[in-house]
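All of the numbers you see were taken from the coordinates with simple rules; none came from a lab. In this text the structure is predicted, and so the values were computed from the model without any measurement. Neighbour counts are summed over all protein chains in view; Cβ atoms, including those assigned to glycine, are modelled from backbone coordinates with ideal geometry.
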Ligand SMILES: [Zn+2]
């Protein structure tokens with residue numbers, strides 16, 4: 001199957017920079033096989049006219065809990081621990097696999113329609129979010145959220161869920177897996193070591209929440225006499241490729257540790273602000289050369305999975321808190337939402353930029369929208385003016401998954417009906 005995006009404005013890498021250029025992009029099966037000139041022997045089955053269109057690499061949401069989309073707007077304006085243990089946890093105790101499936105479908109619909117083609121997920125129910133990924137045509141990296149103390153039965157079972165999910169998904173190369181120790185306040189030191197040893201043994205990465213709130217810092221300091229970052233380091237969490245969500249409450253020593261071990265930081269500005277956790281020192285991390293990427297967190301704490309909104313916040317808030325407009329440029333923000341995410345996931349040779357040989361994971365934006373007119377600096381437009389409603393067509397693995405704003409592989413109306421029934425039932429006596 002050959003597809004040409006003909007004479008289209010495209011966001012292309014240029015060294016460390018990004019340039020917007022009029023070109024044609026040639027897709028064969030799942031890959032980009034040519035940019036500019038047609039590769040020899042290429043046969044076009046479909047030509048997409050690029051007039052008034054702008055193609056970008058699909059965005060990468062590096063920290064979310066997709067299934068939580070059905071919990072949108074259900075726990076708001078509460079302190080973090082009350083939010084988690086008073087409201088979210090009781091709902092999660094009652095939810096079924098079927099509920100989780102429809103929640104995951106809702107999250108995927110929202111992400112696809114706003115140009116995200118890959119997400120890094122922490123979930124609780126094996127073979128359910130992965131089924132939604134398979135059904136939707138999206139790409140994802142999945143971690144089973146791991147909670148445990150020592151080698152207790154529950155902790156072992158949750159680890160085994162990861163391998164069960166991998167077996168279930170082995171026919172789908174859009175899915176990959178890492179281990180997901182939830183956080184230093186839900187996994188003790190022995191369990192952390194069991195998880196990090198298994199990650200090393202199976203050559204897997206780790207996805208973890210670290211240093212999200214002041215109460216977490218106090219709790220870990222009291223229990224272990226150190227910061228959550230130090231606790232993770234001394235239990236081997238950074239011995240493998242690690243993606244650490246939040247890292248809001250970190251000091252210089254923590255950041256030096258993170259740099260030393262090449263920890264990838266996922267910043268989630270909306271969730272951090274909404275839960276009253278503060279602002280991660282992202283410019284300071286960038287100065288140290290730490291790889292920073294972007295995430296939404298779950299829709300129960302954001303309450304949106306639209307990465308355009310997150311990009312908007314990311315490129316504005318640090319200018320405000322640091323009192324300088326030079327803090328996090330539009331290009332730096334764009335890279336955090338694309339190639340930096342690919343690097344964090346160990347997939348920079350496959351996704352994150354429009355280059356020959358990479359997967360055709362692309363989002364086409366309609367330029368006939370007031371937010372992107374007149375056409376000046378379109379990279380600035382992505383951060384400062386766009387809101388995701390400009391996304392018209394989305395490709396994952398060279399296949400159309402959104403066309404004219406409509407998700408092709410999931411029934412949107414059915415998903416909306418289901419999630420309304422589910423949340424009504426689950427919140428009845430909470
Ligand atoms: Zn999270």
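Bridges between two residues of the chain, per DSSP, are antiparallel at a rate of about 45%.
First check a/c for the range 1-55, with a ≥ b ≥ c the square roots of the eigenvalues of its C-alpha gyration tensor; if it is under 1.5, answer rounded, and if not, answer prolate when a/b is larger than b/c or oblate otherwise. Intermediate values should be presented prior to the final figure.
Values: a/c = 2.33, a/b = 1.47, b/c = 1.58.
Oblate shape, in that a/c is at least 1.5 and b/c is the bigger or equal ratio.
Stretching the chain fully between residue 197 and residue 251 yields a gain of 16.7 nm (0.36 nm per residue, less the alpha carbon separation). Of interest is the spacing of the C-alpha centroids, which for the range 79-132 and the range 297-355 amounts to 21 Å. State the Cα centre-to-centre distance between the range 22-64 and the range 203-238 in whole Å. So the separation of the two Cα centres works out to 41 Å.
What shape does the range 1-97 have by the C-alpha gyration tensor, where a ≥ b ≥ c are the square roots of the eigenvalues, rounded means a/c under 1.5, and otherwise prolate means a/b greater than b/c and oblate the rest? Prolate. Simple spin-label estimate for residue 40 and residue 98 gives 5.8 nm between the two label positions (7 Å along the Cα-to-Cβ direction from each Cα).
With a ≥ b ≥ c the root eigenvalues of the C-alpha gyration tensor of the range 59-344, is it rounded (a/c under 1.5), prolate (a/b larger than b/c) or oblate? Please report the intermediate quantities before stating the final value.
Details: a/c = 1.35, a/b = 1.11, b/c = 1.22.
The shape class here is rounded.
When each of 149, 176 is scored by the number of other beta-carbon atoms lying within 10 Å, the sequence from fewest to most is 149, 176.
Look at the alpha carbon pairs under 8 Å that are at least 6 residues apart: their mean separation over the length of the range 59-344 gives a relative contact order of 21 percent. Roughly what angle does helix 214-224 make with the longest principal axis of the chain, taking Cα atoms, 0 to 90 degrees, to the nearest 10? Its long axis makes an angle of about 50 degrees.
The angle between the Cα long axis of helix 307-321 and the main principal axis of the chain comes to about 70°, on a 0 to 90 degree scale. Working note: 222 nm ellipticity from helices only, DSSP H runs with n ≥ 4, each -39,500 (n - 2.57), summed and divided by the residues of the chain, gives -10000 deg cm²/dmol to the nearest 500.
If we count other beta carbons within 10 Å of each Cβ, what is the order of 378, 428, fewest first?
Values: 378 21, 428 8.
Exposure proxy ranking, most exposed first: 428, 378.
Rounding to the nearest 10 and keeping the result within 0 to 90°, find how far the Cα-based axis of helix 97-113 lies from the longest principal axis of the chain. Here the helix axis deviates by roughly 40 degrees.
As a proxy for reagent exposure, 65, 207, 261, 312 were ordered by neighbouring Cβ count within 10 angstrom, fewest first; the result is 261, 312, 65, 207.
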